[in-house]
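This report refers to the structure that appears directly beneath it.
The values are calculated or read from the model by the stated rules, or taken from the named source; none is laboratory data. A quick note: this is a predicted structure, and the numbers were derived from the prediction, not measured. Please note: Cβ atoms are built from the backbone with ideal geometry, for glycine as well, and neighbour counts cover all protein chains shown.
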Amino acid sequence: MGLTIALNRGRILEQCLPLLEAAGIRPVEDTGASRKLVFKTIEGEHQLVIMRGSDVPTYVAYGAADVGITGKDTLLEYRGGAGFYERLDLGFGRCRIMSAAPVGAELHQTPLRVATKFVNIAEEYYASQGRHVSIIKLAGAMELAPLMNLADCIVDIVDTGNTLKANGLEPLETIAHISARLIVNHASMKTRFDEVQLLIDQLRQNLPENG
């Protein structure tokens, strides 16, 4: 049996499938045309498992998957304890986690009301600044929170910044640089070292900057 590889569905999946194929790992079926969640591969007897990004580190940490591919934001937000190594920056899906607020806003309030879906990241960031904040967890468009006076500022993923600008917000501080990462289960790194290292080497050789 080959490796079990947990993949973040959505845009990261679309971008990592060609990279996996270049490394010789191809699903036997078109993942985009099937409702299946588990796919065998043509070579290597590997198994690709497609799931929510937030679940990838959990499956890898507990050994249900040997390796996983998900965004750095997911890894920073994860609080399930040790259980995996972050072994490779795959270079795609680049963006930033930033704080943002209405243009020209004075942010001296205590506590500062911060809307975000990245609760752990935001709490850690403001704690490092010694800033007292009230975190408001949201799942939808963060830009709406300051407009509706629910929050003073937001912490969110920023790519081009166009959505912020369109809603009268401006980016403030960069909290983290984000891209897709390969993680490996602790036990698998030891017991299946050769297979795991081969995958890492193949992926590294096919990264865009190495092409």
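Would you mind stating whether THR74 is polar (S, T, N, Q), under 25 Å from GLY2 (Cβ atoms), in the same structural domain as ILE12 (by TED's automatic domain parsing) and assigned to a strand (DSSP E or B)? Answer is no for this residue.
When each of GLY130, GLY168 is tested for being farther than 29 Å from TYR62 by Cα, exposed (fewer than 12 other Cβ atoms within 10 Å of the Cβ) and either in contact with a Cys (Cβ under 6 Å, 6 or more places away or on another chain) or not assigned by TED's automatic domain parsing to the domain that holds PRO57 (or both), the lone residue that passes is GLY130.
Just one of the numbered conditions (1) over 15 Å from GLU77 (Cβ atoms); (2) loosely packed, with under 13 Cβ neighbours inside 10 Å is not true of LYS137: (1). Filtering region 33-67 down to residues that are closer than 21 Å to LEU198 by Cα and without any contact (Cβ under 8 Å) to a residue 40 or more places away in the chain, which residue is surrounded by the fewest Cβ atoms within 10 Å (Cβ to Cβ)? For region 33-67, the residue satisfying everything is GLU43. Would you check if there is a residue in region 87-98 being under 17 Å from the mean Cα position of the chain (by Cα), outside any strand (DSSP E or B), within 16 Å of ALA180 (Cβ to Cβ) and among the aliphatic types (A, V, I, L, M)? Yes: one or more hits. Residues being touching a Ser or Thr at 6+ places or on another chain (Cβ under 7 Å) and charged (D, E, K, R) are represented in region 151-167 by at least one member.
For the condition outside any strand (DSSP E or B), free of Cβ contacts under 8 Å to residues at least 24 places away in the same chain and among the hydrophobic types (A, V, I, L, M, F, W, C), LEU17 qualifies.
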